[in-house]
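Comments concern the structure below.
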Amino acid sequence: MNLGRVREYDVLVLTALIWFLGKFVRYAFPPLFEPLQASYGVSNAAVGAAFSGFMAVYALLQFPSGAIADRIGAVRVIAAGAAVAGVGALSLIFDTPFAVLAAVMLVIGAGTGAHKTVAVRLLSRVYPVRTGRALGAHDTFGALGGVAAPAAVTLFVAAPPALAALLSRLPGADWRGLFVATGVVALALAAAFSLRVPGRLPADADRGPEREGPDPSARDYLALFEDRRLAAFVFATVAASFAYNGAVAFLPLYLSRAAGLSSATANLLYSALFAVTFVQLVSGDLSDRLGRFPVMVATLALAAAALVGVVAGTGETGSGPAVLGAFVVAFGLGSHGFRPVRAAYLIEALPDRLAGGGLGVVRTLLMGAGALAPATVGAVADASGFRPAFGLLAGAVALAAVVAAGLWATE
């Protein structure tokens with residue numbers, strides 16, 4: 001293997017590994033809800049509220065992390081975020097009241113929330129010709145963290161004898177060992193990132209070129225949306241995020257209730273939605289070669305058509321599991337394929353001096369739409385049924401595809 005080729009991508013590898021760990025620790029909490037209830041004697045509402053707090057802090061960190069990176073540099077922000085998350089995870093070694101656990105979850109949410117916005121800007125500057133490919137690899141690593149987390153939780157909660165003997169030395173329940181291991185790895189990655197990455201960056205990649213005048217203000221970031229094309233694109237991405245997060249939240253329940261599938265079959269099809277995350281490597285690379293809008297329109301149109309197929313397939317002449325599975329896979333291909341291209345376009349469209357904070361503003365809007373979607377789908381489903389609720393989601397992603405097509409046509 002060419003050593004120079006490996007060194008060329010070490011910034012991407014370290015950045016992606018931190019993102020993998022961030023997604024890993026996020027998706028480790030939901031599978032632990034039952035053990036947490038057993039450990040603390042708390043309700044579903046309590047563990048749900050704690051995780052909502054985690055996600056809320058994560059969302060709120062998108063803008064300030066980007067804005068701070070504009071001022072002090074991306075490397076410092078990414079390393080600090082990993083270190084904060086690592087310290088938070090390590091602190092779970094202690095047997096504490098549930099309120100302390102909830103507070104620690106806020107700390108971990110803050111640490112992981114400092115990464116994505118800043119990483120997108122950094123990678124786009126380190127790999128300007130291959131931005132789509134780099135962001136696709138970065139997001140794929142993150143998605144694999146979500147795949148690995150449930151398996152790791154199972155390993156630690158139902159540990160084999162050798163691991164169980166080691167975990168028994170920890171105070172409290174065995175699940176704490178998962179966070180101790182995660183915290184150690186996070187701190188090691190933060191140190192490696194701080195030591196290795198600065199010397200591997202091209203000139204001006206960390207903070208960008210020196211600028212004259214005062215640092216950007218909040219008004220400067222909001223003024224970005226006076227650009228109608230940028231505002232239209234952000235609207236399309238918010239609509240797509242709303243559709244994806246609403247579908248992800250309720251797809252297993254939808255397939256079991258509206259399609260009459262067994263829980264096991266519904267969960268299997270749900271897993272397929274995430275198993276196709278590797279499409280991001282392809283879509284990001286294609287957007288580098290063909291342009292951003294052709295790939296974005298294709299992926300959004302595929303996602304919209306797939307959701308329409310899911311809704312139509314659960315009607316009176318319902319489709320079988322194989323056909324519904326094909327629609328679910330198609331929705332995953334379109335939704336995952338859109339992500340790296342979206343990020344690459346945004347970082348190119350934003351002024352360099354406002355890139356970090358501007359991307360943070362957009363990601364805050366996306367996370368906000370993602371948080372609103374499950375509540376909206378649940379309310380519509382209670383009032384009118386699941387098919388109208390998923391029809392609403394299909395309409396949202398179709399609208400995103402139409403707006404993207406309009407922007408492409410008027411380039």
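V13 passes all but one of (1) farther than 24 Å from V157 by Cα; (2) touching a residue at least 24 places away in the same chain (Cβ under 8 Å); which number fails?
It fails just one condition, (2).
Do we have A343 as surrounded by fewer than 18 Cβ atoms within 10 Å (Cβ to Cβ) and outside any loop (DSSP other than H, G, I, E, B) here?
No: the conditions fail for A343.
Only helices (runs of 4 or more DSSP H) wholly contained in the stretch 62-131 count here; list those with 1 or more residues that are within 18 Å of the chain's Cα centre (by Cα) and basic (K, R).
Passing ranges, in order: 116-126.
What single numbered condition from (1) touching a residue at least 40 places away in the same chain (Cβ under 8 Å); (2) buried (at least 17 other Cβ atoms within 10 Å of the Cβ) fails to hold for F156?
Checking F156 against (1) touching a residue at least 40 places away in the same chain (Cβ under 8 Å); (2) buried (at least 17 other Cβ atoms within 10 Å of the Cβ), the one that fails is (1).
Could you please find all residues in the stretch 105-130 being over 30 Å from F94 (Cβ atoms), surrounded by fewer than 24 Cβ atoms within 10 Å (Cβ to Cβ) and in contact (Cβ under 8 Å) with a residue 40 or more places away in the chain?
Hits for the stretch 105-130 are S124, R125, V126, Y127, V129, R130.
I'd like the residue in the stretch 388-411 that is surrounded by fewer than 17 Cβ atoms within 10 Å (Cβ to Cβ) and in contact with a Gly (Cβ under 9 Å, 6 or more places away or on another chain) and, out of all such residues, is farthest from A298 (Cα to Cα).
Looking at the filtered set, the residue picked out is E411.
Among the residues of the stretch 360-394, write down those that are among the small types (G, A, S) and out of contact with any helix residue (DSSP H, G or I) (no Cβ under 8 Å at 6 or more places or on another chain).
Result: A375, A379, A383, S384, G385.
Does T314 satisfy the criteria of being outside the structural domain of S124 (by TED's automatic domain parsing), among the hydroxyl-bearing types (S, T, Y) and either within 18 Å of the chain's Cα centre (by Cα) or closer than 30 Å to R71 by Cβ (or both)?
Judged against the criteria, T314 is not a match.
Of the residues in the stretch 275-304, how many are within 14 Å of L333 (Cα to Cα), surrounded by 18 or more Cβ atoms within 10 Å (Cβ to Cβ) and of a type in the set (G, A, S)?
Residues meeting the conditions: 6.
Which residues, taken from the stretch 51-80, are under 22 Å from A186 (Cα atoms) and crowded, with 21+ Cβ neighbours inside 10 Å? Steps first, answer last, please.
As a first pass, look at the stretch 51-80 and keep what is under 22 Å from A186 (Cα atoms): 51, 53-62, 64-66, 68-69, 72-80.
Answer for the stretch 51-80, where residues must be under 22 Å from A186 (Cα atoms) and crowded, with 21+ Cβ neighbours inside 10 Å: F54, Y58, L61, Q62, S65, G66, A69, A74, V75, V77, I78, A79.
What is the one condition in (1) touching a Gly at 6+ places or on another chain (Cβ under 6 Å); (2) at pLDDT 80 or above that V13 does not satisfy?
(1)
Just the residues that are in contact with a helix residue (DSSP H, G or I) (Cβ under 6 Å, 6 or more places away or on another chain) and loosely packed, with under 15 Cβ neighbours inside 10 Å, please, taken from the stretch 252-266.
S263
Could you pull out the residue among L372, L365 that is under 22 Å from the mean Cα position of the chain (by Cα) and either modelled with pLDDT of 80 or more or not in a helix (DSSP H, G or I) (or both)?
L365
For the stretch 277-300, check the following and say yes or no: at least one residue is without any contact (Cβ under 8 Å) to a residue 24 or more places away in the chain and farther than 17 Å from A404 by Cβ.
yes
Quick test for you: out of L273, L324, pick the one residue that is within 21 Å of the chain's Cα centre (by Cα) and either outside the structural domain of F233 (by TED's automatic domain parsing) or not in a loop (DSSP other than H, G, I, E, B) (or both).
Only one candidate qualifies: L273.
Residues checked against (1) touching a strand residue (DSSP E or B) at 6+ places or on another chain (Cβ under 6 Å); (2) hydrophobic (A, V, I, L, M, F, W, C); (3) part of a loop (DSSP other than H, G, I, E, B); (4) modelled with pLDDT under 90:
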{"position": "G172", "(1), (2), (3), (4)": "no, no, yes, yes"}
{"position": "G177", "(1), (2), (3), (4)": "no, no, no, yes"}
{"position": "L187", "(1), (2), (3), (4)": "no, yes, no, no"}
{"position": "A203", "(1), (2), (3), (4)": "no, yes, yes, yes"}
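The values are calculated or read from the model by the stated rules, or taken from the named source; none is laboratory data. Source: prediction; values computed, not measured. Positions of Cβ are backbone-derived with ideal geometry, glycine not excepted, and every protein chain shown enters the neighbour counts.
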